[in-house]
1. Write out, first by first residue and then by second, each pair whose Cβ atoms fall under 7 Å of each other, whose residues are 6+ apart or on separate chains, and whose first residue, in segment 33-44, is surrounded by fewer than 15 Cβ atoms within 10 Å (Cβ to Cβ) while the second is part of a loop (DSSP other than H, G, I, E, B) and at pLDDT below 90.
2. Being surrounded by 10 or more Cβ atoms within 10 Å (Cβ to Cβ), hydroxyl-bearing (Ser, Thr, Tyr) and not assigned by TED's automatic domain parsing to the domain that holds Met47 is the requirement here; does Thr154 meet it?
3. Quick check on my filter: what residues within segment 11-50 are farther than 15 Å from Cys66 by Cβ and basic (Lys, Arg)?
4. Tally time: how many residues in segment 74-111 are of a type in the set (S, T, N, Q) and either under 15 Å from the mean Cα position of the chain (by Cα) or in a helix (DSSP H, G or I) (or both)?
5. Only one of Ala96, Ala130, Ala156 is more than 30 Å from Glu39 (Cα to Cα) and either in contact (Cβ under 8 Å) with a residue 24 or more places away in the chain or not polar (S, T, N, Q) (or both); which?
6. For residues that are touching a strand residue (DSSP E or B) at 6+ places or on another chain (Cβ under 9 Å) and either part of a helix (DSSP H, G or I) or free of Cβ contacts under 8 Å to residues at least 24 places away in the same chain (or both), tally how many sit in segment 11-32.
7. So, of the residues in segment 52-62 that are more than 18 Å from the chain's Cα centre (by Cα) and part of a helix (DSSP H, G or I), which turns out to be surrounded by the fewest Cβ atoms within 10 Å (Cβ to Cβ)?
8. Only residues that are among the polar types (S, T, N, Q), more than 12 Å from the chain's Cα centre (by Cα) and part of a helix (DSSP H, G or I): list them for segment 112-127, please.
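The values are calculated or read from the model by the stated rules, or taken from the named source; none is laboratory data. Because the structure is predicted, anything quoted here is derived from the model rather than measured. In this analysis, Cβ positions are derived from the backbone assuming ideal geometry, glycine residues included, and neighbour counts consider all displayed protein chains.
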Amino acid sequence: MANTQNVERKAEQVASVAEKIKKAQSVVVFDYRGISVAEDTELRAEMRKAGVEYAVIKNHIVERACEANGIDAKEINILKGPSAFAFGYDDVAAPARILKAFVKKTKKCELKGGFVDKSILNASQVEAIADLPSREVMIARMLGSMMSPISKFTIAINEIAKKQGGAEA
């Protein structure tokens, strides 16, 4: 017979993880085997700076939390073996970007996949998200492309005005 306190504690864990998944814009799952304590500490610090929460959670707890959020995590093999989870709350690409750079730098651990909204992603899809520019860069690019025609129009009007002014003088 299962210990009642143990069952309650697991239910609380599932509810807590389900809330994290619900609030997160993205969740990246990775295999953390092979990294040292110093590397883990460095990775956690980098994630904190970016507003990303990093946790090692049992797969069955995450699986139940996913089910509570309408995600069928049983379909795909990302919740097999040792798993750590990076929850990105502010920037969808931040966890993927940080982990991809970490894997490239240390040549240890590997990306397994992740979730964005209710979609399950494989490792290559997470890497593609990591390659996306940050939100600020995307906004700057969009504003730049919107301003370009206006700038060109203003320059053309100024050139016409100079020619008009130069012809009369």
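1. If the second residue must be part of a loop (DSSP other than H, G, I, E, B) and at pLDDT below 90, the pairs left are Arg33/Pro82; Arg33/Cys109; Gly34/Lys108; Gly34/Cys109.
2. On the way: surrounded by 10 or more Cβ atoms within 10 Å (Cβ to Cβ): yes; hydroxyl-bearing (Ser, Thr, Tyr): yes; not assigned by TED's automatic domain parsing to the domain that holds Met47: yes.
So Thr154 passes the test.
3. Of everything in segment 11-50, those that are farther than 15 Å from Cys66 by Cβ and basic (Lys, Arg) turn out to be Arg33, Arg44, Arg48, Lys49.
4. If we filter segment 74-111 for residues that are of a type in the set (S, T, N, Q), which is where we start, we get 77, 83, 106.
Now drop any that are not either under 15 Å from the mean Cα position of the chain (by Cα) or in a helix (DSSP H, G or I) (or both), which leaves 77, 106.
Residues flagged as of a type in the set (S, T, N, Q) and either under 15 Å from the mean Cα position of the chain (by Cα) or in a helix (DSSP H, G or I) (or both) within segment 74-111 amount to 2.
5. Just one listed residue meets the conditions, Ala156.
6. Quick first cut of segment 11-32, residues touching a strand residue (DSSP E or B) at 6+ places or on another chain (Cβ under 9 Å) only: 17, 20-21, 23-32.
Next, from what is left, pick out any that are either part of a helix (DSSP H, G or I) or free of Cβ contacts under 8 Å to residues at least 24 places away in the same chain (or both): 17, 20-21, 23.
Going through segment 11-32 one residue at a time, the tally reaches 4.
7. His60
8. Of the residues in segment 112-127, the ones among the polar types (S, T, N, Q) are 119, 122, 124-125.
Next cut, more than 12 Å from the chain's Cα centre (by Cα) only: 119, 122, 124.
Matches in segment 112-127: Ser124 only.
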